[in-house]
1. Could you work out how far helix 87-100 tilts from the main Cα principal axis of the chain, as a 0 to 90 degree angle to the nearest 10?
2. Starting from 0.36 nm per residue, how many nanometres of slack lie between Glu723 and Val286 once their C-alpha separation is accounted for?
3. Note the direction-averaged projected area, equal to a quarter of the hull surface, for the Cα convex hull of the stretch 442-573, in nm².
4. Taking the Cα centre of each part, how many Å lie between the stretch 201-239 and the stretch 1-55?
5. How big, on average over all directions, is the shadow cast by the Cα convex hull of the stretch 68-130, in nm²?
6. Loop-only trypsin sites (Lys or Arg not before Pro) in the stretch 278-363, please: DSSP not H, G, I, E or B, and at most 15 other Cβ atoms within 10 Å.
7. Go through Gly677, Ala357, Gly629 and say which Cα lies farthest out towards the positive end of the charge dipole of the chain; charges sit on Cβ, +1 for Lys and Arg, -1 for Asp and Glu.
8. Pop a pseudo-label 7 angstrom from the Cα along the beta-carbon direction at both Gln494 and Lys183 and give the gap in nm to one decimal.
Amino acid sequence: MTNDLVQYARSLQLDSLETAWSQATRSPTAADIPRYAAVIDVLCDKDLASRALPLATSMIEAFANRDDTQSALELGFRSMRKSAHNEALAKSVIALIDKHYSQEPWLAVLKTRAGLDRSTSVTAILEFDRLRRFTRGHVVYHAAGWGEGAIEDFAIETQEVTVQFATGRREAFPLDTLLSRFKPLDPQDLRAMKLQRMEVLRTEAEKDPGALIRRTATLYRGTITSQELKKELTPAIIPEKEWASFWKRAKTAAAKDPWLKVEGSAVRPTFVIRDKPVGLVDEATVSLSHANDFGQRVGVIRDYLARSEDPDVHAQILGLAKTIVEQAIEEKKASHAHILDGILLLEEHGHRASIPAAQEVRALLVKADGSLHPTAIDRLATQASREHAIELLPEALGENWSSQCVSTLLEWPNSVLENVVNKLVSQNHGALCLSVWDKVAPYPKRYPLLTYLLGKLYGDGVFDGQESCPSPVAMGRVMLHLARILNEDRKKNQVHSRLLGRLTSLLTGKRGLLHRSFQNISRDDLGHYVGIMKRSGDDMPQDLTDLIDRVVADKFPDLHAKPELPFWERDQIFTTREGLRRIKEDYRILVEDKIPANSKAIGAAAALGDLSENSEWESAMEEQRNLTGRAQDMDAQLRSARLIEEQDVPNDRVAPGVKVTLREETSGKQRVYRVLGPWDVTDDHTINYLAPIAQGLLGKAIGEVGELPGPNGVMRVVVEAIERLV
């Protein structure tokens, strides 16, 4: 509301201003005093003091009626300094002075010095306003050497004022000396705030750096260089180590601030406070002229649309958007992603470009050979644009859009993957997603979001009646593996933490997936569930843990017994000597070759110049994060590695370190696999004991039935032979 008041005053919408002001007087707040004062300033600067006076008077009365004499006085003094006053206001201010300062021993002294004991003139009132700023709690400034200091004491008997300076020195001065040689600082002055309200300045640096630049520039008569700005702000307000990030935000904020003009070079700009604010439309036009490409122009328009509250201004900025989008379409120089961003921006605000958005969606996502390129969707600037583009897929890709999307489902980025799946479901094509289950189920760590989404579709009944639909037990097992994986990462990955919460609800809700799997679950299958939970640690979501514990207690209580775990269920990684040698060599190459080579690439890229526009540097830094993360993971894995050759590998059970012969129940076809560690998988006949594909076999004896994922769903297999390999 207070922002509207200032806007109404600047645009001389006086009827709207008076209506809004009247509403504001019903519940005025001290925090809004600067804005109320700004309205008075604007009107007086436009020679409308006669319109400012009744507004000021009504607001002063409103504060006085709430017993907030401090706020009433501040607004009264401000109004009188701007020549918006009359005799009645003068009397009100004097009455407020007597009430607010009645307990101050210096009141009579200052009234006498100001002449208020014999006159009610504006001159006497304003002189009192000046004198009161030399009392306790105010800040004064001495330009010749003392600097700024806060007044601590005013001794009436000796007429001495004690000042605690920012330098740490404390000194008493005769009042006359203080009045003649020191300048009182406004509470909003940067120097005063450094002494008394440092937390406000630090908040401003974080949330409104443009305002902090303006505040600092007033110390330099409205024009300040980047070097002067840094000198005033560091290290007191902004620590040296945080200056770079602040500086980046500050330059961006200054470019958008209607009260600031940015001059000079991009590296060393000079900031100038304008005499009056530049309108958003004019400012947007100037900013557009400084943008380097069409993509930046669309970003500028987005920023100004977000800032514009006035409907007329909003419409004018949309007009600018329409112009630049049509110009880019005609010139055909901008990328499809940037043009699509512009078209979608117009559509978000109810406007359309000369070409359909769907046409540009197709141009962005479809390669020259006709294949779909899903990752290109992330070239769009905003999440809103990406989601909007997904809604246009049927129109953009034509009749076979759903099959194209499903065939590339593993390639869609996580930013829009759920939107793609939801679009398929909304158009009755959700069942097609089941075709990727066999590719996704064995690798929940690689496809966490897609695994969850397939589980959600299963729970929603989208796959019901499909021939290759997995059993509830198999689905529950994969989802529990996913929960274990997400739980391991949730403390360092907020995305996985949120996904774990959604997965827990999917599994444990009243109609959750686990309830379906428990209906006819066998002891062995429930034992597998329990094993997964044990490997997940003690910090798994309590709802999930409690549910499985209750089912175990109800169906197979003996599973709660604590027999010695088979070695492969310990919290370690088991591998052969050859597998260990292989991973150690990979680790050596990573640490000794790839990471040093990447460091050289970063140095070479940095030498190319401005890092903000340096794609080589960004690519090298991204690779560094990937390499160092991989090195940390491999280091942790190597520390937990144990040799299969040193374990008590059973002769009669499927376990790491055996060769197992299986027979498909339906076809009678035989399959032979080696069951080894994750670093031993070098061919199609070796399976990793940690992978979901092995979970339906581990612990099975000859003659028992296990499960394997297959192209047409879960396959039941009979264990025919077991042979130790080590």
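Quick note: the coordinates plus some simple rules give every number you see, no bench work behind them. Remember, predicted model here, so these are calculated numbers, not experimental data. We place every Cβ from the backbone using ideal geometry, glycine too, and count neighbours over all the protein chains shown.
1. 70
2. 149.6 nm
3. Computing the convex hull of the Cα atoms and averaging its projections yields 8.4 nm².
4. Their Cα centres are 28 Å away from one another.
5. 3.8
6. Sites meeting the loop and neighbour criteria: Lys332, Lys333, Arg352.
7. Sorting the options by dipole projection puts first Gly629.
8. With each label point 7 Å from Cα toward Cβ, the separation is 4.4 nm.
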